[in-house]
Amino acid sequence: MIIYPAIDISNGECVRLIKGDFKKKTVFNISPLLQAKIFEKLGFKRVHIVDLDSAKLGGSKNQIVIQSILAHTKLEIQLGGGIRKISQVKKWLSLGVKSLVIGTAAINNFTFLKKISHKYRNKISISLDFKKNFVAKNGWVNLSKFTVKDYLHKIKDLPLKNVILTDIDRDGTKKGLNLKKYKNLLLNFKKKIIISGGVSDINDVKRTYKFKKCKGLIIGRALYDGSINVEKLKSFIK
């Protein structure tokens with residue numbers, strides 16, 4: 001199982017939100033680059049980065065900060081947030097991003113997702129962030145008409161690198177992963193997925209490790225506040 005420490009960026013800072021609420025924002029490091037270097041020094045090989053401002057408003061609000069991480073670390077970067085145009089896809093892949101995560105653009109325009117996933121095979125990932133089983137978009141501000149199961153069925157044959165499922169109601173809360181919910185959502189989906197949202201302690205990691213349909217786990221707040229001991233986590237890092 002692959003462990004992805006999360007770096008969420010807002011106003012150029014490394015932050016964590018609770019359930020995607022910008023009013024419940026905690027700054028953990030004023031320098032995302034410094035945080036990325038900390039993760040790299042701890043032994044992580046990959047990092048999951050989200051440009052929160054761009055996810056909400058579109059564009060590339062924190063581009064310079066993200067480019068600095070690409071330039072000054074050897075981390076393999078999985079990047080999402082506001083990527084809604086083919087020009088952005090080309091730019092980030094050319095800069096060295098290994099996995100480009102599409103969210104809102106995929107929900108609004110399946111043709112766009114289909115086109116870029118075939119053009120850039122095994123480099124495009126999709127993020128299905130859900131609340132009450134419906135997929136959210138625009139930085140989790142709005143719910144779409146699609147259920148998670150609906151959209152998983154739509155993407156089942158696409159050559160995607162990763163499929164990321166985030167339980168919005170758990171994200172940032174450290175209430176623990178609701179693996180029962182994930183197992184239900186994935187009953188008829190053959191590909192392995194990455195899970196995000198609510199990791200509380202090392203026991204969540206151990207339980208997820210036994211979940212055969214999970215290829216990766218994104219961890220945020222529990223890493224930042226020390227709820228998970230990195231030394232204990234190292235045996236799970238690939």
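Where a number appears in this text, it was derived from the coordinates with a stated rule and is not lab data. Quantities reported herein were computed from a predicted structural model and do not represent experimental measurements. Virtual Cβ from ideal backbone geometry, glycine too; neighbours counted across all protein chains shown.
Arranged from fewest to most other beta-carbon atoms within 10 Å of their beta carbon, Thr26, Thr147, Thr208 become Thr26, Thr147, Thr208.
The simple Förster model, with R0 at 30 Å and r as the Cβ-Cβ distance, assigns Lys149 and Ile18 a FRET efficiency of 0.70.
Which residue, Ile38, Ile69, Ile124, has the most motion in a Gaussian network model of the chain that connects Cα atoms within less than 10 Å? Result for the chain, Cα springs under 10 Å: Ile38 fluctuates most. With viscosity set to 1.002 mPa s and temperature to 20 °C, compute the Stokes-Einstein D of the range 42-176, Rh being the Kirkwood radius across alpha carbon pairs; µm²/s, no decimals. Answer from the Stokes-Einstein relation: 141 µm²/s.
Listed options for volume of the Cα convex hull per residue in Å³ are (i) 118; (ii) 107; (iii) 155. The value calculated from this structure is the one marked (ii).
Dipole magnitude for the chain: about 960 debye, using +1 per Lys or Arg Cβ and -1 per Asp or Glu Cβ, origin at the Cα centre. Across the range 70-153, the mean sequence separation of Cα contacts (distance under 8 Å, 6 or more residues apart), normalised by length, yields a relative contact order of 22 percent. Residues within the reach of a label modelled at Lys45 (point 7 angstrom out along Cα to beta-carbon, backbone nitrogen below 12 Å), restricted to the range 73-103, are 75-76.
Could you tell me the calculated FRET efficiency between Asn29 and Ile237, based on Cβ-Cβ distance and R0 = 25 angstrom, to the nearest 0.05?
Working from the Cβ atoms, E equals 0.75.
Cβ-Cβ distance of Lys191 and Lys90, R₀ of 30 Å, FRET efficiency by 1/(1 + (r/R0)^6): the value works out to about 0.75.
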